[in-house]
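A short worksheet on the structure shown next.
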Amino acid sequence: MKKFFIIIGFLIFFFSNTNAQYYFGAGFYFDTSIPLSNLTDYDYEYRPGYGFNAKIMLEMTEGFHIILSSGYTVFECKSYKDFSLAILPVYLGLRMYPFYGSFMPYLNVEGGLNFMFQDAYKSAESERVQKTKLGFGFGGGFLFLESEFIKLDLNILYNIINTKEVTSKFLSLRLGIAFGF
C-alpha cells in the first residue's frame, strides 16, 4: 500500500509540473454493492448494500485524472435483522481515459482508508464497533457526454479492505452525474 501512495505522489508531482491547464470536475453517485466475502471479523452474511459516493477530479494531462473520493455504503445482516455495517471510504486514486469523445471509457485505481461502523442492537441497548482499515479498489466505467459540462457516469469497482482476520471484498456498481469546470 505504501508503494501505491508513493507512485500516486510521483504522478501528481510529474503531471503538475508538465501541464499548466487543469480540468476540475466533481461527481455524485448512487451505488449498490454486492458482498463477495465476509465483510467483518464475524461470520455474518450481509445483503447487498446501498449508498452514495462523491468524487473530485483533477486532470493533470489529457487522459489522466487524479481523483479524491468518499462515500457511505450500508450493508444489512441476513442472519440478524438488527445488525448492520456501514463503510465510509476516503480514497485517492488515478483515472485513465484511452480516448475522448461523446462515449469515454476509463480505468481507475483507488486506495485509502475505510472507516467501518458495525451496529448491533439488543433490546434496549445498542453496541457500535468502529474500525479504520486500509483498502483499495480497481475497476472501470463509461462517461456519456450530455453536454460540455455534464456527463452521465456508469462505473464498477472491485473493493478490497484488509484486516488482520479477514479480507473484505465487495463489488460496487455506481451510477451518477459528473460535472466539469
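The values are calculated or read from the model by the stated rules, or taken from the named source; none is laboratory data. As the structure is a prediction and not an experimental result, all values here were calculated from the model. So basically every Cβ, Gly included, is an ideal-geometry build from the backbone, and we count neighbours across all protein chains shown.
Report yes if some residue within the stretch 13-21 is modelled with pLDDT under 90, more than 21 Å from the chain's Cα centre (by Cα) and either under 21 Å from residue 115 (Cα atoms) or of a type in the set (Ser, Thr, Tyr) (or both); otherwise report no.
First pass over the stretch 13-21, keeping only residues modelled with pLDDT under 90: 13-21.
Cutting the leftovers down to more than 21 Å from the chain's Cα centre (by Cα) gives us 13-21.
Still in the running and either under 21 Å from residue 115 (Cα atoms) or of a type in the set (Ser, Thr, Tyr) (or both): 16, 18.
Within the stretch 13-21, one or more residues are modelled with pLDDT under 90, more than 21 Å from the chain's Cα centre (by Cα) and either under 21 Å from residue 115 (Cα atoms) or of a type in the set (Ser, Thr, Tyr) (or both).
Select from the stretch 142-181 the residues that are of a type in the set (Lys, Arg) and in a strand (DSSP E or B) and write down the one among them that is nearest to residue 102 (Cα to Cα).
151
Yes/no matrix, rows are residues, columns are (1) modelled with pLDDT of 90 or more; (2) in contact with a strand residue (DSSP E or B) (Cβ under 6 Å, 6 or more places away or on another chain); (3) loosely packed, with under 15 Cβ neighbours inside 10 Å:
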position: 100; (1), (2), (3): no, no, yes
position: 112; (1), (2), (3): yes, yes, no
position: 115; (1), (2), (3): yes, yes, no
position: 119; (1), (2), (3): no, yes, no
position: 133; (1), (2), (3): no, yes, no
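Give me a count of the residues in the stretch 62-88 that are in contact (Cβ under 8 Å) with a residue 24 or more places away in the chain and farther than 21 Å from residue 179 by Cβ. Let's see the steps before the verdict.
Narrowing the stretch 62-88 to residues in contact (Cβ under 8 Å) with a residue 24 or more places away in the chain: 62-69, 71, 73-80, 82-88.
Adding the requirement that they be farther than 21 Å from residue 179 by Cβ leaves 73-80, 82-88.
Residues that pass the stated criteria total 15.
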